[in-house]
Amino acid sequence: MIHQERMKVVRQQQIAEDIFELTLTGQLVLDMKQPGQFVHLRVTDTYEPLLRRPISIASIDHELKEFTMIYRADGRGTKILSEKHLGEVVDVLGPLGHGFPVEEAEPGQTALLVGGGIGVPPLYQLSKELHAKGVRTIHVLGFQSANNVFYEKQFSELDETYIVTADGSQGTKGFVTDLLKGKAPTFDVFYSCGPTPMLSALEQAYPDKKGFLSFEERMGCGIGACFACVCNTTAATDKEYLKICSDGPVFPRGVVKL
Amino acid sequence: MNRLQVELPGLSLKNPIIPASGCFGFGQEYGQFYDLSKLGAIMIKATTLETRFGNPTPRVAETAAGMLNAIGLQNPGLEHVLAHELPWLEKYDVPIIANVAGTETADYVAVAEAISKAPNVHALELNISCPNVKCGGIQFGTDPKSASDLTAAVKAVSDVPVYVKLSPNVTNIAEIAKAVEAGGADGITMINTLIGMRLHPRTGKPIIANGTGGLSGPAVKPVAIRMVHEVSRNVNIPIIGMGGVATAEDVIDFLSVGASAVAVGTANFVDPFVCPNIIDALPQKLDELGYDKLTDVIGRSHR
């Protein structure tokens, strides 16, 4: 069930260059059922900026009715969001979309989680849920530079974690796929969120593995009504197109035409 | 007495609030949030004879107090709309206005003839103003003769009243309005989006893959108000006004310049409850202004 709720800010802090961690509380959290879903935020009651901002959910605490987002404040909307203080409210529409299927990994199996930049956050809740059911995880997290790295400690506490930076200022230099080529990890299923070229490279690197990819696109309504965020499909589905907001953002590998 | 009741050709509206075509799909998404029977009517997404995929992405870009879109009339095609989308809407007590689009006269006529026979379609909205498709659409909406001829052709086959949706991307909108009235239109809906462009600050290239897109949202309201004001003085058929409507005050403005009902577009994306919220706010707005009923407000700018 999708709700609209004015949710209260519990915590907000900057955790890397331009990267903020924001925790909100409210009833809507109780309907967050799957890692990889997102919320659509209205950051002001005025017309400027006008549209909502889709932001992925990084972690969920049903008991405290809190959820946390990690986002990059690089536009008008996210900059306003980054200035929200404790006790202020944010207009939230959500939870939206279909997330990562945790049930696709069996207890005792190993899952490879690959994130790129602001695609890393939803993998955190996913990893927590996989571990809760006894799935091992290997985290490969790519960032632009050491200044942008976040949640290395949180992921490391859960399981094996590798950091990759484009400029080599931390961890392995290059792209996540460079590290994967060298390490050649053994795993049963992969989950990924990040830039489309990265998702495409993963599909090609592991043609025989079961995998789930989270996509992003500029959105209007966020609920499937406006047809702004459609993507082309492959012969693997009988659907002629898919909407990233409401059919996704997570799709099984091979379904979206890359 | 229902103070918000409005009677228009083919449409008995319990209130003047209609989600605009293209901003509400075929209703299913917003049906998750509230009972669609609450609405005055629903303008469903443009339907063409064949399935259309639409334009490449990115299809939207935000602008100051507005947005650009170039969806490109993506829709599942006439057959699917008749078999699935319209029957799904039958459970609601709400008249449907079917937005009809095409590439040439023959396909407008074919869609209009078939869709006008659906039991819950009470009126057609002839889309001669979509700025985002290469053929058809706006080329009919920018030439008075083409607009008039197409209106007449569709009127000849439609079982329900025909409203024509006008483009603001013209030099003289009153001239087009008079032409479609002469062609037999039962009403006018206006305005469609204004053609615009937004550049990527780093590359200097358009953000929208289509290059241009249609501007909508609060930013366009003054343009829409001016155009409804002008057209309402030049035609004797009713107008459904739209362009940046987000509040009950906006509705009053459109009625004041001569619209008889109002469509709400972009605001649905910002607040999925905007239509029921406006409907709930209208009686108090009438009280504040000292009017008994909504129809008393229509055209007060001209009196």
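The values are calculated or read from the model by the stated rules, or taken from the named source; none is laboratory data. Predicted, not measured: the structure shown is a model, and the values here were computed from it. All Cβ positions, glycine included, derive from the backbone under ideal geometry; neighbour counts span all protein chains shown. Areas reflect the complete protein model, heavy atoms only, side chains present, ligands, DNA and RNA absent. Shrake-Rupley method; radii C 1.70, N 1.55, O 1.52, S 1.80 Å.
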A:LYS210 more than 26 Å from B:PHE53 (Cβ to Cβ), more than 14 Å from chain B (Cβ to nearest Cβ), without any contact (Cβ under 8 Å) to a residue 40 or more places away in the chain and open to solvent by 70 Å² or more (accessible area, probe 1.4 Å): no
Of residues in segment A:36-46 being facing another protein chain (nearest Cβ under 10 Å) and surrounded by 18 or more Cβ atoms within 10 Å (Cβ to Cβ), the one nearest to A:GLY220 (Cα to Cα): A:HIS40
Of the criteria (1) part of a loop (DSSP other than H, G, I, E, B); (2) within 25 Å of B:HIS80 (Cβ to Cβ); (3) open to solvent by 10 Å² or more (accessible area, probe 1.4 Å), which one B:SER129 fails: (3)
Qualifying residue in segment B:63-86 (condition: open to solvent by 30 Å² or more (accessible area, probe 1.4 Å), within 13 Å of another protein chain (Cβ to nearest Cβ) and in contact (Cβ under 8 Å) with a residue 40 or more places away in the chain): yes
Scan of segment B:259-297 for residues that are part of a loop (DSSP other than H, G, I, E, B) and under 16 Å from the mean Cα position of the chain (by Cα), ordered by number: B:ALA259, B:SER260, B:GLY265, B:THR266
Positions within segment A:120-139 being within 14 Å of the chain's Cα centre (by Cα) and closer than 21 Å to A:GLY182 by Cβ, in sequence order: A:VAL120, A:LEU123, A:HIS139
Checking A:LEU199 against (1) surrounded by 19 or more Cβ atoms within 10 Å (Cβ to Cβ); (2) free of Cβ contacts under 8 Å to residues at least 24 places away in the same chain; (3) in a helix (DSSP H, G or I), the condition it does not meet: (2)
Residue within segment A:55-75 that is within 14 Å of chain B (Cβ to nearest Cβ) and touching a strand residue (DSSP E or B) at 6+ places or on another chain (Cβ under 9 Å) present: yes
Of all residues making up segment A:6-27, the number that are open to solvent by less than 40 Å² (accessible area, probe 1.4 Å) and either under 18 Å from the mean Cα position of the chain (by Cα) or under 19 Å from B:VAL274 (Cβ atoms) (or both): 7
Enumeration of residues in segment B:163-209 that are open to solvent by 70 Å² or more (accessible area, probe 1.4 Å), in a loop (DSSP other than H, G, I, E, B) and charged (D, E, K, R): B:ARG198, B:ARG202, B:LYS205
Number of the condition not met by B:LEU36 [criteria: (1) more than 12 Å from chain A (Cβ to nearest Cβ); (2) closer than 21 Å to B:ALA112 by Cβ]: (2)
Those residues of segment A:232-247 which are more than 7 Å from chain B (Cβ to nearest Cβ) and either assigned to a strand (DSSP E or B) or buried (at least 24 other Cβ atoms within 10 Å of the Cβ) (or both), in sequence order: A:ASN232, A:THR233, A:LEU242, A:LYS243, A:ILE244, A:CYS245
Complete set of residues in segment B:185-229 that are in contact (Cβ under 8 Å) with a residue 60 or more places away in the chain and hydroxyl-bearing (Ser, Thr, Tyr): B:THR189, B:THR193, B:THR212, B:SER216
Residue list for segment A:192-207, restricted to those being within 14 Å of chain B (Cβ to nearest Cβ) and modelled with pLDDT of 95 or more: none
Those residues of segment A:117-144 which are over 20 Å from A:LEU199 (Cα atoms) and not aliphatic (A, V, I, L, M), in sequence order: A:LYS128, A:GLU129, A:HIS131, A:LYS133, A:GLY134, A:ARG136
Pairs where the first residue, in segment A:68-79, is modelled with pLDDT of 95 or more and the second is open to solvent by 30 Å² or more (accessible area, probe 1.4 Å) and not in a strand (DSSP E or B), C-beta under 6 Å, 6+ apart: A:ARG72/A:ASP18; A:ARG72/A:ILE118; A:ALA73/A:ASP18; A:ALA73/A:LYS79
